[in-house]
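Q: Before anything else, here's the structure in question.
The values are calculated or read from the model by the stated rules, or taken from the named source; none is laboratory data. Worth saying up front: this structure is predicted, and the values here are computed from it rather than measured. Neighbour counts run over all protein chains shown; Cβ positions are idealised from the backbone, glycine included.
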Amino acid sequence: MIVSAVRTIVAATDFSTHAGLATHRAAVLAAELGAGLQLLHVVDPSAFAAIRDWQSPPVDLGAAAVAQARDGLLRVAEQLATHGVSPTPQVRVGNPLDEVQAALHDADLLVLGVRGSHPVRDFVVGTTADRLLRKSTKPLLVVKTSSARPYRRVLVPVDLDRKSGSAGMPRPISYA
């Protein structure tokens with residue numbers, strides 16, 4: 001039996017294959033723990049600046065990207081509903097790292113894929129998961145592969161540095 005302090009899970013997605021694995025795992029966990037599930041996609045407006053300058057007349061690509069992201073999140077939410085959860089889709093606009101961290105303010109766990117949809121950028125500056133691991137103060141689950149079974153154990157690595165004390169769950173999960 002699981003006694004859990006995880007009441008809200010945020011699953012961040014960029015609609016890549018790895019993000020799909022993460023949203024699926026987040027839905028399974030939310031159903032298992034009786035937690036709420038928020039699906040999050042961040043539209044980065046800096047990606048449209050160069051393209052906007054080339055358009056004549058100017059086109060609001062940001063608004064189109066937000067609408068497309070909202071539609072994509074609704075489709076993902078419908079697919080995940082088969083797990084017995086009702087995900088809440090949320091689209092934010094801004095720096096992805098900052099917006100994910102802001103979305104975590106009232107959440108207990110962040111779930112995301114190991115890689116995103118930009119392999120060259122990930123190679124040069126690191127994946128979003130890498131950067132969030134360094135900055136986040138909330139528990140983070142990075143999903144690498146699919147699994148048909150629920151998780152049975154949790155491993156929290158520490159390096160015995162004084163800051164490592166905050167690496168664990170703020171409220172423990174215990175298994176009986």
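Q: How many residues, within the range 97-111, are under 17 Å from Asp130 (Cα atoms) and touching a residue at least 60 places away in the same chain (Cβ under 8 Å)?
A: Residues in the range 97-111 being under 17 Å from Asp130 (Cα atoms) and touching a residue at least 60 places away in the same chain (Cβ under 8 Å): 5 in total.
Q: Then there's this: For the range 72-176, please list each of the helices (runs of 4 or more DSSP H) lying entirely inside it that holds at least 1 residues being modelled with pLDDT of 65 or more and more than 15 Å from Gln38 (Cβ to Cβ). Break it down into steps so the answer makes sense when it comes.
A: On the way: elements: 96-103, 119-125, 128-135.
Once the helices (runs of 4 or more DSSP H) in the range 72-176 are filtered for at least 1 residues that are modelled with pLDDT of 65 or more and more than 15 Å from Gln38 (Cβ to Cβ), what remains is 96-103, 128-135.
Q: Being within 25 Å of Val114 (Cβ to Cβ) and modelled with pLDDT under 90 is the requirement here; does Ser56 meet it?
A: Numbers: within 25 Å of Val114 (Cβ to Cβ): no; modelled with pLDDT under 90: yes.
In short, no.
Q: Further question on the same structure: Could you count how many residues in the range 1-43 are within 15 Å of Ser147 (Cβ to Cβ) and acidic (Asp, Glu)?
A: Number satisfying all stated conditions: 1.
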